[in-house]
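Written out below as structure tokens is the structure these notes cover.
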Amino acid sequence: MAQAAPIVVVVSPALGGARLDRVVATVPGVGTRSQAKQLVDGGHVRVDGVVRKASHPVPAGATVAVTLPPPAPSTVAPEALPLAVLFEDADLMAIDKPPGMVVHPAPGARSGTVVNAVLHRLGALVGVGAPERPGIVHRLDKDTSGVLLIARTPAALAVLGRQFRDRSVHKTYLAVVHGRVARASGVVDRPIGRDPRERKRMSVRSGGGRAAVTRWSVAERFPGATLLTLHPETGRTHQLRVHLAALGHPIVGDAVYGGRRRPPAGAAPLLATFPRQALHAAELTFVHPRTGVRTTLRAPIPDDIRVLLEALRGAADARKPLGSA
């Protein structure tokens, strides 16, 4: 098979001085920073004709040539699993991911994932990202529900991935947290990294964390709990769960970050037994990768969180004095 012609780009002033892998990640057809690094490490990238390391700072005006190897087929088996499709066209698909479903195969979860279901519905997505996670633009935790985007073409993956990296995607989450949040709104601006004592957890106490910002506002208050609207400006691992725990109001049901608490007297008992973190990706706004139209997709509140909110409102009504509005 003949080798594909390299994709050649000239580094813009805005990217001048950036690491080579960051520059390569912006090249159409590459997709993600990790894929860019793999290409650089594999000798598929040249800067002004010279192979460089991923950390090499590339000056503005330099010529970067990227030779994409033949795409590898996915090793993930298609599975006939139900998907709640919110939007679908030739470029992308958006689903309402249910809680309990892993996004892509990983150790301990080789089947039953979103990717298995997507491949059954869309067929092989050859060349659309890594073989183990074809089409995946971003991720949600296993027990987080809501809007999830899947790219159907390499071009869509590259454009959408760039929007997430540039933080131009607007994300809205809903979370039920423990305790009565007194302020109406606020911002958590604390870096997140690996917990220094428990490496499987993330923490704001890591010492070498990456910048993370979450804006929040109170949507509704209940006895012993609060419904928050969240707007993460960054996309760090477990960001919302870690930031809300650091705020002193962990997400209900979050066994990792302190959301398993005994509810106070008069609160809904379901606060203590809710089986997963009560976190839902309610809305996502992005620019369509082909049409350029700003698009907003919404996922309805799932049944389990809806039942939790009804129980909390019932507990609030029970505490009102007779005859009160």
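The values are calculated or read from the model by the stated rules, or taken from the named source; none is laboratory data. As the structure is a computational prediction, the values presented were derived from the model and not from experiment. FYI the Cβ positions are ideal-geometry reconstructions off the backbone, even for glycines, and counts take in every protein chain you see. Protein only, heavy atoms only, side chains kept; ligands, DNA and RNA dropped before computing areas. Shrake-Rupley method; radii C 1.70, N 1.55, O 1.52, S 1.80 Å.
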Legend entry - Positive dipole terminus of segment 142-232, leading residue within Ala158, Trp216, Val181 (C-beta point charges): Ala158
Inset, instruction - Compute the signed sum of charges (Lys and Arg +1, Asp and Glu -1) over the other residues within less than 13 Å, Cβ to Cβ, of Leu309. - result: -2
Legend entry - Karplus 3J(HN,Hα) series, Hz, for segment 299-306 with 6.51 cos²θ - 1.76 cosθ + 1.60 (x for Gly, Pro): 10, x, 4, x, 4, 5, 6, 4
Legend entry - Per residue Cα convex hull volume in Å³ - calculated over the chain: 158
Legend entry - 3J(HN,Hα) from dihedral phi, segment 282-289, Karplus parametrisation 6.51/-1.76/1.60, rounded to Hz, x for glycine, proline: 7, 8, 9, 10, 8, 9, 4, x
Legend entry - CD proxy at 222 nm, helix term only [per DSSP H run n ≥ 4: -39500 (n - 2.57); per residue of the chain; nearest 500]: -5500 deg cm²/dmol
Legend entry - Spatial separation of Cα centroids for segment 212-280 and segment 10-31, in angstrom: 37
Inset, instruction - Work the Kirkwood hydrodynamic radius out for segment 235-309: mean of 1/r over every pair of different alpha-carbon atoms, inverted, in Å. - result: 14.4
Legend entry - Inter-label distance, nm, simple model (7 Å from Cα along the C-beta direction), Glu88/Ala130: 2.6
Legend entry - Accessible surface, 1.4 Å probe, highest first, among residues Ser111, Ser12: Ser111, Ser12
Legend entry - Base-10 log of normalised Debye intensity for segment 52-144 (one unit scatterer per alpha-carbon) at q = 0.25 Å⁻¹: -1.37
Inset, instruction - Could you tell me the accessible area of Thr273 in Å² (1.4 Å probe, neighbours in place), rounded to the nearest ten? - result: 90
Legend entry - Within-9-Å neighbourhood charge of Ser145 [Cβ basis; K, R +1; D, E -1]: -1
Inset, instruction - Would you tally the net charge around Ala175, using a Cβ to Cβ cut-off of less than 13 Å, leaving Ala175 out, and scoring K and R as +1, D and E as -1? - result: 0
Inset, instruction - Return one whole number: the accessible area per residue of the chain in Å², for a 1.4 Å probe. - result: 48
Legend entry - Protein accessible area in the chain, 1.4 Å probe - carbon and sulfur %: 54
Legend entry - Amide H contacts under 5 Å for Arg52, placed H, 5+ residues apart: Val47
